[in-house]
Amino acid sequence: MLNKPALHGLFIVLALSASLPALADVDGQQLYRQHCVKCHAEDGRANTMRGWLYFAQNLSKAKWQDNNSDSDILEAIQDGPGAMPDYADKLSEAEQLALVRAVRDLRKP
Ligand code: HEC
């Protein structure tokens with residue numbers, strides 16, 4: 001078991017890595033899994049219960065990918081259109097940009 005000081009140290013490490021995302025390697029896939037999969041699904045097709053309920057966008061569609069610029073995607077992440085939560089204050093800029101790349105990786109031919 002972890003003793004109290006060890007837990008405290010662990011907390012400080014976690015807090016530091018959360019507040020210094022630019023220094024840590026920001027993993028867009030991991031952020032996507034953490035924040036987005038519940039609605040948009042692992043492959044971006046939004047074929048989840050919540051995706052259905054909220055009419056979440058299918059992010060893997062080539063046509064949608066073509067029609068949306070990186071800044072459109074960034075804007076969606078920051079503002080949260082419709083029933084989607086907004087992440088402007090919840091994620092750092094580096095994390096938001098990593099998510100834009102993760103969304104791009106969902107593209108299906
Ligand atoms: C609570 C469910 C939910 C979560 C969580 C969620 N989304 Fe969405 N998302 C939606 C819905 C619903 C829409 C469609 C909104 C609309 O146009 O009405 C959407 C739309 C989008 C769009 C497209 C906007 C457009 O203009 O076509 C992008 C990009 C997007 N989401 C990315 C993300 C990313 C990245 C995350 C994780 C950081 C995320 N979403 C988390 C529900 C969600």
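Overview of values
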| read-out | value |
| --- | --- |
| Count of residues meeting criterion [in contact with a helix residue (DSSP H, G or I) (Cβ under 6 Å, 6 or more places away or on another chain) and at pLDDT 95 or above] in segment 57-88 | 8 |
| Selection status of Ala41, hydrophobic (A, V, I, L, M, F, W, C) and under 16 Å from the mean Cα position of the chain (by Cα) | yes |
| Residue within segment 51-60 that is under 25 Å from Pro109 (Cβ atoms), among the aromatic types (Phe, Trp, Tyr) and in a helix (DSSP H, G or I) present | yes |
| Every residue from segment 27-50 that is more than 16 Å from Ser92 (Cα to Cα), in contact (Cβ under 8 Å) with a residue 24 or more places away in the chain, assigned to a loop (DSSP other than H, G, I, E, B) and within 11 Å of the ligand (Cβ to nearest atom) | Gly44 |
| Within segment 91-109, considering residues that are farther than 20 Å from Gly51 by Cβ and part of a loop (DSSP other than H, G, I, E, B), the one nearest to the ligand (Cβ to nearest atom) | Leu91 |
| Residue list for segment 60-103, restricted to those being polar (S, T, N, Q) and either in contact (Cβ under 8 Å) with a residue 24 or more places away in the chain or at positive phi (or both) | Ser60, Gln65, Ser92 |
| Odd one out for Ala98 among (1) among the aliphatic types (A, V, I, L, M); (2) farther than 16 Å from Val26 by Cβ; (3) within 13 Å of the chain's Cα centre (by Cα) | (2) |
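The values are calculated or read from the model by the stated rules, or taken from the named source; none is laboratory data. A quick note: this is a predicted structure, and the numbers were derived from the prediction, not measured. Ideal geometry is used to build each Cβ from the backbone, glycine not excepted, and the neighbour counts take in all protein chains shown.
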